[in-house]
Amino acid sequence: MAESPPSLSQEAKKLEKSISRIIGVGLIIAGAVLIILSAVIACISFYGHTLSTHQIPTASLEIVVASLVYMLVEVAVKLGFLGIMIWAGGILLKYGIQSIREEKAGK
């Protein structure tokens with residue numbers, strides 16, 4: 001006797017598992033790329049940043065304070081941007097790994 005073809009629900013479950021795995025791997029790759037890109041941007045910014053005393057004007061105290069505050073705000077914005085990129089990369093990695101674990105547990 002011939003075996004009966006697999007039911008539609010079994011094929012749908014297999015398709016769902018394969019899609020879940022593809023999405024999980026995609027999330028892991030995207031998260032890793034974001035984290036690596038953040039590290040590269042941080043290194044480029046760190047080695048490319050120059051803080052020399054000739055950039056700070058010495059005309060008056062107000063001008064000196066304003067220029068230093070500008071430099072600190074610029075650094076804070078860069079750090080905030082890198083922090084958000086690393087945070088987003090970590091979340092993508094978390095859900096990518098979780099998706100693959102759930103797919104393996106479902107087998």
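What are the residue pairs meeting all of these: first residue in segment 75-93, first residue among the charged types (D, E, K, R), second residue surrounded by 12 or more Cβ atoms within 10 Å (Cβ to Cβ) and part of a helix (DSSP H, G or I), Cβ atoms under 7 Å, and 6 or more apart or on different chains?
78/45
Sort out which residues of segment 38-92 are exposed (fewer than 10 other Cβ atoms within 10 Å of the Cβ), small (Gly, Ala, Ser) and either modelled with pLDDT of 85 or more or more than 29 Å from the chain's Cα centre (by Cα) (or both), and write them in order of number.
52, 59, 60, listed by residue number.
Cβ-Cβ under 7 Å, sequence separation 6+ or interchain: first residue in segment 12-37 and free of Cβ contacts under 8 Å to residues at least 24 places away in the same chain and under 15 Å from residue 99 (Cβ atoms), partner in a helix (DSSP H, G or I) and not acidic (Asp, Glu). Which pairs?
Listed by first residue and then by second, the contacts come to nothing, as the list is empty.
Within segment 4-11, is there a residue that is surrounded by 10 or more Cβ atoms within 10 Å (Cβ to Cβ), in a loop (DSSP other than H, G, I, E, B) and at pLDDT below 80?
yes
The values are calculated or read from the model by the stated rules, or taken from the named source; none is laboratory data. Since the model is a prediction, treat every value here as computed from it, not as a measurement. Cβ atoms come from the backbone with ideal geometry, glycine included; neighbour counts cover every protein chain shown.
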